[in-house]
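Report on the following structure.
The values are calculated or read from the model by the stated rules, or taken from the named source; none is laboratory data. Everything numeric here is computed off the predicted structure, so don't read it as measured data. Here Cβ is always computed from backbone atoms with ideal geometry, including for glycine, and neighbour counts include all displayed protein chains. Accessible surface areas use protein heavy atoms only, side chains included; no ligands, DNA or RNA. Shrake-Rupley method; radii C 1.70, N 1.55, O 1.52, S 1.80 Å.
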Amino acid sequence: MKMLRIAVLASLCACAAAQVTAIKAGRLVDPDSGTVLTDQVILVRDNKIESVGKGLAIPAGAKVIDLSSKTVLPGFIDCHTHVADGKSLGADPFNVLKKTASQIVLESVVNARVTLLSGFTTVRDVGTYRALNDIALRDAIARGDIVGPRMYVAGAYITITGGAGAMTGQAPDIQLPWDLHYGEANSPWEVRQKVRLLAHNGVDNIKVLSTGAVLTHGSSPQSVEFTPEELQAAVEEARNFGLRVEAHAHNPQGIKNAIRAGAASIEHATLIDDEGIELAKKNGTYLDMDIYDEECIQEDGRKGNMPLDFLEHDREMGEKHRQNFRKAVQAGVKMSFGTDLGVCPYGTSPKQFAFMVKYGMTPMQAIQSATTNAADLLGHSKELGSIKPGKYADIVAVSGDPLADIRVLENVEFIMKDGKVYKEAGAPACMQ
Ligand SMILES: [Zn+2]
């Protein structure tokens, strides 16, 4: 039903593509096979890819987009974003108390637009301080009311009271608004109740906080928070609703607890040890390691925009994180692309590609992490992740060869999402 609605609305939009569009692709990256094809024609009908091949006949009346001098890729997927958290006022979570939920969601409209215009046609949004803001944003984008990536959302953080996903640091007699402590749970049954509530409210995935965090007052990234029983309850209850669980975890024990409980992905996986790497490989668990955002945390620190206790949490973890990323890549663990977008400015997700290559991936592996692997993690490989018949027409293009210089992905020149062009090579972006 939702798919049908997206298709109908896409065709009604002011800058929608013609019913049939033929894209001439000089080079076409196929992350499914890890190869690059040349001189391909992609036929797009409405919001779906109809066919792809060399020398395909272009139907009369089709709109032709000539990308024969470009490298064409599937739209990218960022598996760890916080698009619905509004305009950052610095890293302090207390800043959300200075704004209403409406202000934050309206500011997030801009976040959604710049995220799409950086080449990311899909995001998995893994938590928002103001619970359910992300659902409103997802639905407004899907209706075509505003411009943004296709969103899969978590609705809220499921966390222990005082833990990584909670609002912390306020005096005990301060009563928070309901949406700022929506996901707090302190037993397996409370975890199940939160999962049920979020499922009822229409989330696409469940976010649990297995360990403490860097960017939370009074929470140490070195500490274990949810118990194995609570994590198992989250995964089992989510499964009952057809949902997958992503687990935030820095500390090595918390990482292993979440892998053993059956989480689909470990977020950050900062201090993962050899046993954790082995377990992730054995269980097919994705590691979603945000190795670029350290640049922004330290930069904010230098500018005095980062609370001192957060910088203390972060000290020395950045380099260990990146070395552990290298180990996990070498071990052959499944890796997805997630940036913790919102820590770094919206629109900067593409900068992580170069760091993934610097720390051990081939350029093709980095591209696969944000396409085929990300689609697999989301459970949407049939619709997303490569340019194949039947999938959504989510297509981007760059000048140059990303396999020779991965940084060309930082300048995406053409963006189509759901069959609709948002940025045309050589033309200003469609901001409708
Ligand atoms: Zn995050």
query: Quick one: D309 ticks every box in (1) in contact (Cβ under 8 Å) with a residue 60 or more places away in the chain; (2) within 16 Å of the ligand (Cβ to nearest atom); (3) not in a loop (DSSP other than H, G, I, E, B) bar one, so which box is it?
result: (2)
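Given the condition of a type in the set (S, T, N, Q) and without any contact (Cβ under 8 Å) to a residue 60 or more places away in the chain, answer yes or no: does some residue in the stretch 194-209 qualify?
Residues of the stretch 194-209 that are of a type in the set (S, T, N, Q), as a first pass: 201, 205.
When the remaining residues are screened for being without any contact (Cβ under 8 Å) to a residue 60 or more places away in the chain, the result is none.
Looking through the stretch 194-209, none of the residues is of a type in the set (S, T, N, Q) and without any contact (Cβ under 8 Å) to a residue 60 or more places away in the chain.
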query: So is V343 in contact with a Ser or Thr (Cβ under 9 Å, 6 or more places away or on another chain), open to solvent by less than 40 Å² (accessible area, probe 1.4 Å), more than 17 Å from F120 (Cα to Cα) and not in a helix (DSSP H, G or I) or not?
result: no
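Scan the stretch 306-322 residue by residue and report those that are loosely packed, with under 15 Cβ neighbours inside 10 Å and farther than 23 Å from P350 by Cβ.
Here is the first cut: in the stretch 306-322, the ones loosely packed, with under 15 Cβ neighbours inside 10 Å are 308, 312, 315-316, 319-320.
Correct list: L308, E312, R315, E316, K320.
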- request: Scan the stretch 286-308 and give yes if some residue there is aromatic (F, W, Y) and in contact with a strand residue (DSSP E or B) (Cβ under 7 Å, 6 or more places away or on another chain), otherwise no.
  value: yes
- line: Within the stretch 66-111, of all residues that are of a type in the set (D, E) and under 21 Å from the mean Cα position of the chain (by Cα), the one least open to solvent (accessible area, probe 1.4 Å) is D78
query: In the stretch 66-89, what residues are away from the ligand (no atom under 16 Å from the Cβ) and within 30 Å of L137 (Cα to Cα)?
result: V72, L73, P74, G75, F76, K87, L89
message: Suppose the filter is open to solvent by less than 20 Å² (accessible area, probe 1.4 Å), touching a helix residue (DSSP H, G or I) at 6+ places or on another chain (Cβ under 7 Å) and under 26 Å from G284 (Cα atoms); does G385 pass it?
response: yes
message: So for the stretch 55-65 (the condition being touching a residue at least 24 places away in the same chain (Cβ under 8 Å), open to solvent by 70 Å² or more (accessible area, probe 1.4 Å) and of a type outside the set (V, I, T)), does at least one residue qualify?
response: yes
task: Please verify whether the stretch 150-162 includes one or more residues that are within 16 Å of the ligand (Cβ to nearest atom), over 22 Å from E383 (Cβ atoms), in contact with a strand residue (DSSP E or B) (Cβ under 9 Å, 6 or more places away or on another chain) and not β-branched (V, I, T).
output: yes
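Inspect all residues belonging to the stretch 83-99 and state whether any of them is assigned to a strand (DSSP E or B), closer than 18 Å to M151 by Cα and not hydrophobic (A, V, I, L, M, F, W, C).
Of all residues in the stretch 83-99, those assigned to a strand (DSSP E or B) come to none.
No, every residue in the stretch 83-99 fails to be assigned to a strand (DSSP E or B), closer than 18 Å to M151 by Cα and not hydrophobic (A, V, I, L, M, F, W, C).
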query: Given the residues R244, R302, which is the only one that is of a type in the set (K, R) and in contact with a Gly (Cβ under 8 Å, 6 or more places away or on another chain)?
result: R244
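So how many residues does the stretch 326-364 have that are under 16 Å from L287 (Cβ atoms) and either touching a residue at least 40 places away in the same chain (Cβ under 8 Å) or under 17 Å from the mean Cα position of the chain (by Cα) (or both)? Working first, answer last.
At the first step, the residues of the stretch 326-364 found to be under 16 Å from L287 (Cβ atoms) are 326-340, 352, 355-356, 359-361.
Filter again for either touching a residue at least 40 places away in the same chain (Cβ under 8 Å) or under 17 Å from the mean Cα position of the chain (by Cα) (or both), leaving 327-328, 331-340, 352, 355-356, 359.
Here the count works out to 16.
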query: Filtering the stretch 347-372 down to residues that are buried (at least 24 other Cβ atoms within 10 Å of the Cβ) and within 15 Å of the ligand (Cβ to nearest atom), which residue is farthest from E383 (Cα to Cα)?
result: Q352
- request: Scan the stretch 407-415 and give yes if some residue there is open to solvent by less than 30 Å² (accessible area, probe 1.4 Å), under 17 Å from Q40 (Cα atoms) and not β-branched (V, I, T), otherwise no.
  value: yes
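If a residue must be in contact (Cβ under 8 Å) with a residue 60 or more places away in the chain and either charged (D, E, K, R) or assigned to a loop (DSSP other than H, G, I, E, B) (or both), how many such residues does the stretch 239-265 contain?
Let us first name the residues in the stretch 239-265 that are in contact (Cβ under 8 Å) with a residue 60 or more places away in the chain, namely 244, 246, 248, 250, 264-265.
Applying the additional criterion that residues be either charged (D, E, K, R) or assigned to a loop (DSSP other than H, G, I, E, B) (or both) yields 244, 246, 250, 264.
Number of matching residues: 4.
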query: Being in a strand (DSSP E or B) and either at pLDDT 95 or above or among the hydroxyl-bearing types (S, T, Y) (or both), is that true of even one residue in the stretch 370-392?
result: yes
message: So N201 ticks every box in (1) more than 21 Å from V123 (Cα to Cα); (2) at pLDDT 95 or above; (3) touching a helix residue (DSSP H, G or I) at 6+ places or on another chain (Cβ under 7 Å); (4) open to solvent by 20 Å² or more (accessible area, probe 1.4 Å) but one. Which box is left unticked?
response: (1)
task: Might you check whether a residue that is touching a Ser or Thr at 6+ places or on another chain (Cβ under 8 Å), of a type in the set (A, V, I, L, M, F, W, C), crowded, with 20+ Cβ neighbours inside 10 Å and under 11 Å from V333 (Cβ atoms) occurs anywhere in the stretch 270-282?
output: no
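Based on this model, can you work out whether A375 counts as surrounded by 24 or more Cβ atoms within 10 Å (Cβ to Cβ) and under 27 Å from H250 (Cβ atoms)? Spell out the reasoning first.
Working: surrounded by 24 or more Cβ atoms within 10 Å (Cβ to Cβ): yes; under 27 Å from H250 (Cβ atoms): yes.
So A375 passes the test.
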